[in-house]
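Structure first, commentary second.
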Amino acid sequence: MDKGYENNHAHMAGTIVGDVVLDHMLYGEAFYFMHLAIPRLSGVMDVLPLIVPGRLFDVLPQDGDAAMLEGQIRSYNKRTEGGNRLMVTLFARSFLLLDPATFTPCNEVSLCGYLCKPANFRTTPFSREISDLLLAVNRSYHKSDYLPCIAWGRNARFAQNLSVGERIRLAGRMQSREYQKCYEDGTVAERTTYEISCSSLERIPTP
């Protein structure tokens, strides 16, 4: 396993929802875009964007297929009318279709990276403590992914004492969240954001 994969590993199993479309071509290889739906224990459904290299399957997946993948969470900047927007997506490095009647959903993420800015600690209207973090995770070929993470409770209190540049290891799950974007002209747009919800969080020595 390469070092970048050790720093950023996702293990997912869920149901493909919607169309599977060609996203882009790179060096003659096709990469396909789809959404993977994975239920939480609460019953809430996370619907996650997924890119899969075409060489990983013989038959194009379809809406309703169950699939398991090993891969990474990646980010890139997308140019929009309002400026650059950070886009977060799953990238598959292995992909396997499963029996929809018997598969077990799975959403496991482990990351090792560096804190990019001070954690934003706050309390929700329901008195839950939460911290927002932005983690820079090194990838192969001298690239990095910038991944938004959230921590709750004691993990949130721990996060607010971290310093920018500290190396952190965390485990959790990738989730989708709906929110409203308000513009200066008074219009409101429905948006979806993707983040890693931490179940564990720790400092680790810088190599």
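The values are calculated or read from the model by the stated rules, or taken from the named source; none is laboratory data. Treat the numbers as computed from the prediction; the structure is a model and nothing was measured. All Cβ positions, even for glycine, are placed from backbone atoms using ideal geometry, and neighbour counts span all protein chains on display. Side chains included, ligands, DNA and RNA excluded: accessible areas come from the protein's heavy atoms. Shrake-Rupley method; radii C 1.70, N 1.55, O 1.52, S 1.80 Å.
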Where labels lie 7 Å past Cα in the beta-carbon direction, separation of F121 and V44 in nm: 2.3
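If the chain between H142 and E178 were fully stretched, how many nm would it gain, using 0.36 nm times the residue separation less the Cα-Cα distance? Walk me through the intermediate numbers first.
Numbers: separation 36, 0.36 × 36 = 12.96 nm, distance 3.24 nm.
Roughly 9.7 nm would be gained on extension.
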GNM flexibility winner over the chain from H11, H35, H24 (Cα, springs under 10 Å): H24
Heavy-atom SASA rank of D145, D19, D58, D65 (probe 1.4 Å, accessible area, largest first): D58, D19, D65, D145
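Report the gain in length on full extension from S163 to E190: 0.36 nm times residue separation, minus Cα-Cα distance, nm rounded to one decimal. The partial results should precede the final answer.
On the way: separation 27, 0.36 × 27 = 9.72 nm, distance 3.33 nm.
Contour length minus Cα-Cα distance gives 6.4 nm.
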Answer label for Cα Rg over 2.2 N^0.38 Å (calculated), chosen among (1) 1.06; (2) 0.94; (3) 1.20: (1)
Helical contribution to [θ] at 222 nm, DSSP H n ≥ 4, -39,500 (n - 2.57), averaged over the chain, rounded to 500: -1500 deg cm²/dmol
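Nearest 5 is fine: what % of DSSP beta bridges in the chain come out antiparallel, could you say?
Working: 81 of 85 bridges.
Of all bridge pairs located within the chain, approximately 95 percent are antiparallel.
Rounded to the nearest 0.05, what FRET efficiency is calculated for R154 and A37 with R0 set to 25 Å and r the Cβ-Cβ distance?
On the way: r = 30 Å, r/R0 = 1.21.
For R0 = 25 Å, the calculated efficiency reads 0.25.
Taking chymotrypsin sites (Phe, Trp or Tyr not before Pro) as exposed when DSSP calls them loop (any state but H, G, I, E, B) and at most 14 other Cβ atoms lie within 10 Å, what is the longest stretch of the chain free of them, the sites themselves excluded? Walk me through the intermediate numbers first.
Values: sites that count: Y27, F126, Y141, Y183.
Longest gap between qualifying sites, sites excluded: 28-125.
For segment 42-111, which GluC sites (Glu not before Pro) are in a loop by DSSP, counting at most 12 other Cβ atoms within 10 Å?
Numbers: sites: E70, E81, E108; in loops: E81.
Passing sites in segment 42-111 are E81.
Mind listing which GluC sites (Glu not before Pro) in segment 129-201 are in a DSSP loop and have 10 or fewer other Cβ atoms within 10 Å? Please list the in-between numbers first.
Working: sites: E129, E166, E178, E184, E190, E195; in loops: E166, E184.
Hits after loop and neighbour filter: E184.
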Chain lengthening between C106 and L86 when straightened (0.36 nm per residue, less Cα-Cα): 4.7 nm
Cα gyration tensor category, rounded, prolate or oblate, for segment 1-105 with a/c compared to 1.5: rounded
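Given an 8 Å cut-off on Cα distances and at least 6 residues of separation, report the relative contact order of the chain as a percent. It would help to have the intermediate numbers written out before the result.
On the way: 514 pairs, mean separation 39.5, N = 207.
Taking the mean separation of contacting Cα pairs over the length of the chain, I get 19 percent.
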